[in-house]
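Q: Submitted below is the structure of interest, expressed as C-alpha cells.
The values are calculated or read from the model by the stated rules, or taken from the named source; none is laboratory data. Because the structure is a prediction, the values reported are computed rather than measured. Neighbour counts are summed over all protein chains in view; Cβ atoms, including those assigned to glycine, are modelled from backbone coordinates with ideal geometry. The area values use the complete protein model at the heavy-atom level, side chains included, leaving out ligands, DNA and RNA. Shrake-Rupley method; radii C 1.70, N 1.55, O 1.52, S 1.80 Å.
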Amino acid sequence: MRQSVQDMTSGSLAKKILMFSVPLMLSNLLQVLFNMADIAVIGHFAGAMSLGSVGSTTILVSMFTGFLIGVSGGINVMAARYIGGGNARALSETVHTSAIVSAMIGMILAGAGILFARPVLEILNTKPELIDGAILYLTIYFLGMPALAVYNFGNAIFSAAGDTGKPLRYLTFAGVVNVILNLFFVIRCGLDVAGVALASIISQYLSAGMIVAALMRTKADFRLRISELHISKSKARSVLQIGIPAGVQNAIFQIANLFIQTGVNSFSAIMVAGNSAAANADALVYDVMAAFYTACGSFMGQNYGAGKRDRVLKSYFISLGYSFGIGLAMGLALVLFGRQFLSLFTSDTEVISAGMQRLTIMGFSYGFSAFMDASIAASRAMGKSLVPTVIVLLGSCVFRIIWVNTVFAYFRTIPSLYLLYIFSWTITAVAETIYFAKIYRIQIEKMDMS
C-alpha cells in the first residue's frame with residue numbers, strides 16, 4: 001500500500017484516532033454552519049414566507065441525506081478492511097463498484113424525491129401558503145442527490161485510507177462558494193427559494209467533482225480509473241448489506257422525531273419557538289461526535305483486515321472515550337452558556353427561557369448517546385449492520401413513540417418529553433453493546449482459526 005494511505009495498524013491509537021477525527025469534526029461543523037448561513041440568507045433577504053418554505057423541507061432533506069451517509073458507511077468499512085489486509089484487488093473492485101452504485105442510488109433518490117415531494121409534504125401538513133415554495137426548493141435541491149452521493153462515496157474512500165484532510169478542503173471551498181452564490185442568487189438575481197436551492201446543488205457538484213478528480217489522481221491502490229468502472233456483485237452486496245440498513249436507520253429517525261415534534265406542538269407557541277432554537281444545538285454536538293464513529297469504523301476495519309485483534313477492540317474503546325468526552329464537554333458548555341447560544345436565534349427572553357428547558361436536559365444527556373452510536377459503528381466494522389439497525393429502531397424509534405403516548409401522555413410536561421432521549425439512548429446502548437460483544441467474540445474466533 002502506498003504512502004497516501006495512513007497506516008492505522010501500528011503506532012499510538014489514541015493519537016492517530018484524534019488526528020484522524022479533527023478534520024472530520026471541522027468538516028461536520030462547517031456543514032452545520034453553512035446550512036445556518038443558508039437559513040440566514042433566505043430569512044433576512046427573502047422574507048418569512050420563503051424561510052418557512054425552506055424550513056418545511058428539513059425532514060425530507062434530512063431523510064435523504066441521512067440515507068446517503070448510511071450507504072457511504074458501508075463503503076468506508078469495506079474499503080478500510082481491504083486496506084488493512086493489503087488486498088489491492090478487492091479494494092479496487094470495491095472502489096469502482098461503489099462509485100457506480102453511489103451514483104445510481106443518487107439518481108434514484110433524485111427521481112423519488114421530485115416525484116413524491118408534494119404527497120409527502122401534504123402528509124406532513126405543510127401549510128398551503130408554504131407548499132409551492134417548498135416543492136420548488138425540493139425539485140431543484142434533489143437534482144443534486146447524485147453529486148451528494150458521489151461526494152459521500154469519495155469521502156468514505158479517503159476516510160478509510162486515513163486521509164480526512166482532502167474532503168475537508170473540498171467541502172470548505174464548496175461551502176464558501178455556496179454562501180457566495182446564495183447571496184448572489186437571492187439578493188442580486190432575486191431568485192428567492194430557487195436561488196438557495198440552485199446554490200446548494202452547484203456547490204454539491206463542485207465538491208463531488210473535486211473529490212472524484214482527487215481519486216483519479218492518487219497513486220494509491222484505491223485510485224479511480226474510468227476504464228475499470230464495473231459492478232462486482234459480491235462487492236456491491238457487501239457494501240449494501242452494511243450501508244442500506246444504516247441508511248434506513250438514519251431516515252427512519254426523522255420519522256420518529258415527528259412524534260416528538262407533535263408533543264412539542266401541544267405546548268404554547270413560545271415553547272415551540274424555544275424548542276426550535278435549542279434544537280440547533282443537536283446538529284452541532286451530534287456531528288462533532290460522529291467524527292469519532294467514522295474513526296471507529298475505519299480503524300477497526302483496517303486492524304480487523306490486518307488481523308490485529310488487540311487494536312480492533314482498543315480502537316472501539318478509544319473512539320468511545322473521545323466521543324463521550326466531547327459530547328459531555330459540549331453539553332455542559334451549552335448548559336452554562338445556553339442563553340448566549342440561544343440569543344443567536346432569538347432576542348425574546350421568554351423564548352430563550354423556554355429553550356433553556358431543552359438545553360438543560362439535553363446538555364447532560366448528549367454524551368451518553370456515544371455508548372449507543374459507537375457500539376453501532378463497531379458492529380458495522382465487524383461486517384454486521386442489519387441487527388444493530390433493528391435494535392436502534394426498536395430502542396430509539398419505537399420506544400420514543402411508545403414514550404410519547406404513555407409517559408408523556410400521563411405527565412404532559414416538557415421535561416417528561418425531553419427525558420425520552422436519555423432513556424432511549426440508555427436502553428439502546430445496553431442492547432447494542434451486548435450484541436457487539438457477542439459479534440466480536442465470534443469474529444475473533446474466526447480470525448484465530450484462519
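Q: In this structure, does V54 turn out to be closer than 25 Å to L109 by Cβ and touching a residue at least 40 places away in the same chain (Cβ under 8 Å)?
A: Yes, satisfied.
Q: Among the residues of segment 74-89, write down those that are open to solvent by 30 Å² or more (accessible area, probe 1.4 Å) and within 21 Å of A374 (Cα to Cα).
A: If the condition is that a residue be open to solvent by 30 Å² or more (accessible area, probe 1.4 Å) and within 21 Å of A374 (Cα to Cα), then R81 is the only one that fits.
Q: Against the conditions (1) aliphatic (A, V, I, L, M); (2) surrounded by fewer than 22 Cβ atoms within 10 Å (Cβ to Cβ); (3) touching a Lys or Arg at 6+ places or on another chain (Cβ under 6 Å), where does A278 fall short? Just the number, please.
A: (2)
Q: I'd like the full set of residues that are outside any loop (DSSP other than H, G, I, E, B), open to solvent by less than 30 Å² (accessible area, probe 1.4 Å) and either without any contact (Cβ under 8 Å) to a residue 12 or more places away in the chain or of a type in the set (S, T, Y) (or both), limited to segment 328-376.
A: If the condition is that a residue be outside any loop (DSSP other than H, G, I, E, B), open to solvent by less than 30 Å² (accessible area, probe 1.4 Å) and either without any contact (Cβ under 8 Å) to a residue 12 or more places away in the chain or of a type in the set (S, T, Y) (or both), then Y366, S369, S375 are the ones that fit.
Q: Now for a separate question. Which of the residues belonging to segment 413-450 are more than 30 Å from R358 (Cα to Cα) and either outside any helix (DSSP H, G or I) or hydroxyl-bearing (S, T, Y) (or both)?
A: Within segment 413-450, Y435, Y440, S450 qualify.
Q: Would you check if there is a residue in segment 286-293 being more than 30 Å from A437 (Cα to Cα), touching a residue at least 60 places away in the same chain (Cβ under 8 Å) and among the acidic types (D, E)?
A: No: zero hits.
Q: Inside segment 29-58, can you point out the residues that are assigned to a helix (DSSP H, G or I) and at pLDDT 75 or above?
A: Scanning segment 29-58 gives L29, L30, V41, I42, F45, M49, S50, S53, V54.
Q: Identify, by number, the condition in (1) among the hydrophobic types (A, V, I, L, M, F, W, C); (2) touching a helix residue (DSSP H, G or I) at 6+ places or on another chain (Cβ under 8 Å); (3) within 22 Å of M107 (Cβ to Cβ) that A213 doesn't meet.
A: Result: A213 passes all but (2).
Q: Would you be able to tell me the number of residues in segment 172-183 that are crowded, with 17+ Cβ neighbours inside 10 Å and closer than 9 Å to M210 by Cβ?
A: 1
Q: Here are I226, I187, I157: which of them is touching a residue at least 40 places away in the same chain (Cβ under 8 Å) and surrounded by fewer than 21 Cβ atoms within 10 Å (Cβ to Cβ)?
A: I187
Q: Counting residues that are over 26 Å from the mean Cα position of the chain (by Cα) and over 26 Å from L342 (Cα atoms), which helices (runs of 4 or more DSSP H) fully inside segment 164-275 reach at least 1?
A: Qualifying helices (runs of 4 or more DSSP H): 192-217, 233-264.
Q: Right, next: Which condition number in (1) surrounded by fewer than 24 Cβ atoms within 10 Å (Cβ to Cβ); (2) part of a helix (DSSP H, G or I) is the one that Y137 fails?
A: Failing condition for Y137: (1).
Q: A further question follows. Quick check, is I75 in contact with a helix residue (DSSP H, G or I) (Cβ under 7 Å, 6 or more places away or on another chain), farther than 30 Å from Q261 by Cβ and not aromatic (F, W, Y)?
A: Taking the combined requirement at face value, the residue satisfies it.
Q: Follow-up. Could you tell me whether any residue of segment 296-315 is surrounded by fewer than 18 Cβ atoms within 10 Å (Cβ to Cβ), modelled with pLDDT of 85 or more, over 21 Å from G395 (Cβ atoms) and among the acidic types (D, E)?
A: yes
Q: Of all residues in segment 340-367, count the ones that are over 15 Å from I270 (Cβ atoms), touching a Gly at 6+ places or on another chain (Cβ under 9 Å) and not aliphatic (A, V, I, L, M).
A: 7
Q: Here's something else I'd like to know. Report every pair of residues separated by at least 6 positions or lying on different chains whose Cβ atoms are under 9 Å apart, first residue within segment 403-415 and open to solvent by 60 Å² or more (accessible area, probe 1.4 Å), second not in a helix (DSSP H, G or I).
A: So the pair list comes out as R412/S266.
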